Amino acid sequence: MMKTIRLLVAAVLAMAIGASIAGFLGDTNMTRPIISKQAEAPFLHGLSTGAVAGQSALASLERADEWINSPPLSASVLQGKVVLIDFWTYTCINWLRAQPYVRAWEEKYRDQGLVVIGVHSPEFSFEKDLNNVRRAAKDLGVDYPIAVDSDHAIWRAFNNHYWPALYFIDSQGHVRHHHFGEGSYEQSEKIIQELLAEAGAGGFDSRPLSVDVRGIEAAADWDNLKSPENYLGYARTRNFASSGELVLDEPGSYEVPERLRVNEWGLSGDWTVRQENAVLNKSNGKLAYRFHARDLHLVMGPAATGTSVRFRALIDGQPPGAAHGIDIDEKGEGTVTEQRLYQLIRQPHPIVDRQFEIEFLDSDVEVFAFTFG
């Protein structure tokens, strides 16, 4: 997720949360690349890893740990097909908001020769659990082939850095275009159509799809998004405001200050802050965040599989009422049952600075990151 603290202006965000990156490992010298203008945006969800030198990007599919919804696919099997590679990780809000379009393209163009492959390259350790990936794929409607890339071998072969990232590959196996982040959906569909036409496909409706997005998949309110993503493990967090310093990898007692500044957060109660997350050791611990956005999400889960943790969320000290997200009710009550992204707040206009607080009524919950929309 590695987003910078600098906030994007709405125009840039609306075009795409993405930036162009040079240096694909696939050979694009023999065919004309399809060029598009992409905004250089610092507000990105990504992971920096080194490239695998000398490895064909498409051939790296053979290094998948597992395949879901499909037998293993390889460059030779895909010869003659237009391929759309979609890098994703199931807790990424940016991917969740782009997913309806990828899903619709796969359905519309599969009979014309398009093969969509979702490469699941995890961010958090629990996203490496194959059972979690299978569950998420089913829940989120990802029914096209999935290459499980838990060690980021395919990610490195493409020299990728972001979720979501789309790589458009022609019928000869050459990377012709890429897009990072959300947005530019009509342009991306035109790229698919052009590559299919080059491959001899025809008969499809060239009008861009109209995709009905709702719930957690609805586009962010970019005009009011002034809170960047933030992590709750000590390796990547910022703006921690509880009294005293973070105690690393050992239990510590914390208190949230009476008032937080925008984009500050704090803990109350007995927590162990680890590199990737914070874990509640005793019941009735609290987590607070002052934010400015329409939506607030929290990546979290029970510390032990098969258990659950009850919680109650407040906004400015009151039950959220009409501002509740899909994972809580109007009273702010909900239950953590699995490791995923939970939508806790979707507030109506006007959007102003608000203080969010969540109290866990049971212990042994792990919290990983806040995202906004």
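The values are calculated or read from the model by the stated rules, or taken from the named source; none is laboratory data. Because the structure is predicted, anything quoted here is derived from the model rather than measured. Positions of Cβ are generated from backbone atoms using ideal geometry, with glycine treated the same way; all protein chains shown enter the neighbour counts. These area figures cover heavy atoms from the full protein model, side chains too; ligands, DNA and RNA do not enter into them. Shrake-Rupley method; radii C 1.70, N 1.55, O 1.52, S 1.80 Å.
Candidates Asn94, Asn69: the one that is over 17 Å from Val148 (Cα atoms), of a type in the set (S, T, N, Q) and modelled with pLDDT of 95 or more is Asn94.
What do you reckon, is Val102 surrounded by fewer than 24 Cβ atoms within 10 Å (Cβ to Cβ), under 16 Å from Lys190 (Cα atoms) and touching a helix residue (DSSP H, G or I) at 6+ places or on another chain (Cβ under 6 Å)? In short, no.
Which ones in the range 166-175 are under 21 Å from Tyr101 (Cα atoms) and part of a loop (DSSP other than H, G, I, E, B)? The one that is under 21 Å from Tyr101 (Cα atoms) and part of a loop (DSSP other than H, G, I, E, B): Asp170.
Among the residues of the range 253-269, is there at least one that is open to solvent by 20 Å² or more (accessible area, probe 1.4 Å), farther than 30 Å from Leu58 by Cβ and part of a strand (DSSP E or B)?
Within the range 253-269, one or more residues are open to solvent by 20 Å² or more (accessible area, probe 1.4 Å), farther than 30 Å from Leu58 by Cβ and part of a strand (DSSP E or B).
Residue count for the range 356-372 under the criterion of being within 24 Å of the chain's Cα centre (by Cα) and either open to solvent by less than 10 Å² (accessible area, probe 1.4 Å) or not charged (D, E, K, R) (or both): the result is 9. The number of residues in the range 58-98 that are open to solvent by less than 30 Å² (accessible area, probe 1.4 Å) and not hydrophobic (A, V, I, L, M, F, W, C) comes to 9. Considering only the range 156-165, I want to know if a residue exists there that is more than 30 Å from Gln275 (Cβ to Cβ) and either open to solvent by 10 Å² or more (accessible area, probe 1.4 Å) or assigned to a helix (DSSP H, G or I) (or both). Within the range 156-165, none of the residues are more than 30 Å from Gln275 (Cβ to Cβ) and either open to solvent by 10 Å² or more (accessible area, probe 1.4 Å) or assigned to a helix (DSSP H, G or I) (or both). Using the structure shown, decide if Trp265 is in contact with a Leu (Cβ under 6 Å, 6 or more places away or on another chain) and either hydrophobic (A, V, I, L, M, F, W, C) or modelled with pLDDT of 95 or more (or both). Judged against the criteria, Trp265 is not a match. Within the range 320-334, the set of residues being open to solvent by 70 Å² or more (accessible area, probe 1.4 Å) and farther than 25 Å from Asp223 by Cα comprises Glu330, Lys331, Glu333.
Okay, residues lined up against (1) within 20 Å of Asn94 (Cα to Cα); (2) in a loop (DSSP other than H, G, I, E, B):
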| residue | (1), (2) |
| --- | --- |
| His177 | yes, no |
| Glu182 | yes, yes |
| Glu186 | yes, no |
| Glu189 | yes, no |
| Ile192 | no, no |
| Leu195 | no, no |
| Gly200 | no, yes |
| Gly203 | no, yes |
| Asp223 | yes, no |
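In the set His152, His161, only one residue is in contact with a Phe, Trp or Tyr (Cβ under 9 Å, 6 or more places away or on another chain) and not aromatic (Phe, Trp, Tyr); that residue is His161.
Applying the criterion of being in contact (Cβ under 8 Å) with a residue 60 or more places away in the chain and among the hydroxyl-bearing types (Ser, Thr, Tyr) to the residues of the range 178-229, the residue that is surrounded by the fewest Cβ atoms within 10 Å (Cβ to Cβ) is Tyr185. Of the residues making up the range 239-252, those that are open to solvent by less than 60 Å² (accessible area, probe 1.4 Å) and in contact with a Lys or Arg (Cβ under 9 Å, 6 or more places away or on another chain) number 1. In summary, Thr337 fulfils each of the numbered conditions (1) in contact with a Ser or Thr (Cβ under 6 Å, 6 or more places away or on another chain); (2) in contact (Cβ under 8 Å) with a residue 60 or more places away in the chain; (3) surrounded by fewer than 23 Cβ atoms within 10 Å (Cβ to Cβ) with the single exception of condition (2).
Please determine whether any residue of the range 288-306 is closer than 17 Å to Lys226 by Cβ and either open to solvent by 50 Å² or more (accessible area, probe 1.4 Å) or free of Cβ contacts under 8 Å to residues at least 40 places away in the same chain (or both).
no
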